[in-house]
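Working notes, structure below.
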Amino acid sequence: MMTSDTAPVRHGEELDAARLSAWLHSQLPDANGLAIEQFPSGHSNLVYLIRTAGREYVLRRPPLGPVAPKAHDMAREFRVLDAVHPHFPEAPRVFLLCEDPTVAGATFFLMERRHGIVLRDAPPPEWAAIPNYQARVSEAFIDCLVRLQQIDVSHPKLAALGRPEGFLERQVRGWSERWQRSKTEDLPEMDRVIAWLQNIPPSGPPTLVHNDFKLDNVMLRPDASRVEAVLDWEMATLGDPLADLGLTLCYWIWASRSEKELAQQGDPHPATPVLTTRPGWYTRTQLIERYVAQTGRDVTHLPWHEVLGVFKLAVILQQIYYRFHVGQTNDERFRAFDRRVRSLVHMAAQLMDQNSVNRNL
């Protein structure tokens with residue numbers, strides 16, 4: 001039996017149950033009764049379980065306080081899921097979008113609830129009875145990314161999700177601007193990374209890009225055989241498929257550092273679970289080989305995309321830390337994020353220098 005993945009709503013993040021109930025009833029006449037719980041693990045958007053008579057929904061809304069321009073766009077994420085779900089069943093179905101901030105404090109949407117396992121700190125105990133579950137999950141994870149990138153993006157709703165031309169240039173420029181707006185200290189290594197990323201590699205044919213494809217953004221079936229759902233679509237667009245693979249590997253690199261190394265650096269909370277450091281999990285090389293075997297893509301420029309991925313992760317965590325630093329949130333989970341940012345920036349610089357040596361730059 002799976003343990004509950006919800007908890008009572010955190011203090012200060014409550015929804016106005018009366019307003020929400022009235023709005024739901026106006027949209028769904030059979031939505032009688034209302035119970036609200038929270039999915040507590042996320043670091044960014046606020047996610048709630050909404051129970052009405054006979055139905056369950058997931059409500060997603062932006063974090064409290066001011067947010068970065070174009071970030072946490074719930075209306076866009078609703079449109080992304082609405083476009084992707086018919087072609088990719090791992091994308092949850094969406095039902096309602098509300099852009100009236102008086103209902104829940106901000107724009108929000110309702111989507112279906114999926115049931116499965118999200119790996120964060122440890123595998124569920126029942127997986128001990130599944131032979132080689134680590135390899136099964138590794139394969140299911142990378143195979144899901146391949147399926148996502150095989151979607152025909154010529155369908156009108158999908159084609160409207162982004163402009164592939166200039167995608168990488170916009171990624172570097174946009175995330176650099178986010179860094180400048182949210183930085184709380186000068187980091188010369190970050191300046192070096194941003195300068196190095198200006199050397200944009202050529203792109204292959206565009207695909208759907210999730211832009212945050214990582215192990216704890218997928219929900220696995222209880223038998224560890226397949227991905228049940230892919231979560232957090234707010235940054236999805238059309239562009240270079242290696243951007244997703246590079247970001248995926250950046251998280252896998254971060255997870256591949258041992259718990260001892262993390263403790264020595266004073267950071268006990270890696271970006272993804274350190275469980276993938278244990279025997280049986282795919283190595284980064286195995287992930288790449290399985291990806292190439294199924295897609296046939298040239299991964300010559302993958303190291304550049306890995307640096308981009310680590311850079312983006314550093315900026316994401318910096319934006320979260322900035323909100324804590326200026327008092328927009330009191331969530332104590334974010335207090336040490338500045339150390340994590342510095343560690344990631346250093347990792348990006350190391351990857352950059354290694355790639356430059358290998359290419360004799």
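The values are calculated or read from the model by the stated rules, or taken from the named source; none is laboratory data. Fair warning: this is a prediction, and the values are worked out from it, not measured in the lab. So basically every Cβ, Gly included, is an ideal-geometry build from the backbone, and we count neighbours across all protein chains shown.
Here are the numbers for the structure shown:
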| quantity | calculated |
| --- | --- |
| Segment 158-173 - residue that is loosely packed, with under 14 Cβ neighbours inside 10 Å and touching a residue at least 24 places away in the same chain (Cβ under 8 Å) and, of those, nearest to D73 (Cα to Cα) | A160 |
| Residues of segment 133-180 classified as among the small types (G, A, S) and part of a loop (DSSP other than H, G, I, E, B), total | 4 |
| Test: P69 is within 21 Å of the chain's Cα centre (by Cα) and modelled with pLDDT under 85 | yes |
| Selection count, segment 26-55, where residues are in contact with an Asp or Glu (Cβ under 9 Å, 6 or more places away or on another chain) and at pLDDT below 80 | 5 |
| Condition met for H155 (crowded, with 16+ Cβ neighbours inside 10 Å, in the same structural domain as N132 (by TED's automatic domain parsing) and not charged (D, E, K, R)) | no |
| Test result for F324, more than 27 Å from I151 (Cβ to Cβ), of a type in the set (F, W, Y) and without any contact (Cβ under 8 Å) to a residue 24 or more places away in the chain | yes |
| Breaking point among (1) under 18 Å from the mean Cα position of the chain (by Cα); (2) exposed (fewer than 14 other Cβ atoms within 10 Å of the Cβ), for D186 | (1) |
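Residues are listed down the side, and each one gets a yes or a no for (1) crowded, with 16+ Cβ neighbours inside 10 Å; (2) in contact with a Pro (Cβ under 6 Å, 6 or more places away or on another chain); (3) of a type in the set (G, A, S); (4) not in a helix (DSSP H, G or I):
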| position | (1), (2), (3), (4) |
| --- | --- |
| F78 | yes, no, no, no |
| A83 | yes, no, yes, no |
| F88 | yes, no, no, yes |
| A91 | yes, no, yes, yes |
| F95 | yes, no, no, yes |
| T102 | no, no, no, no |
| A106 | yes, yes, yes, yes |
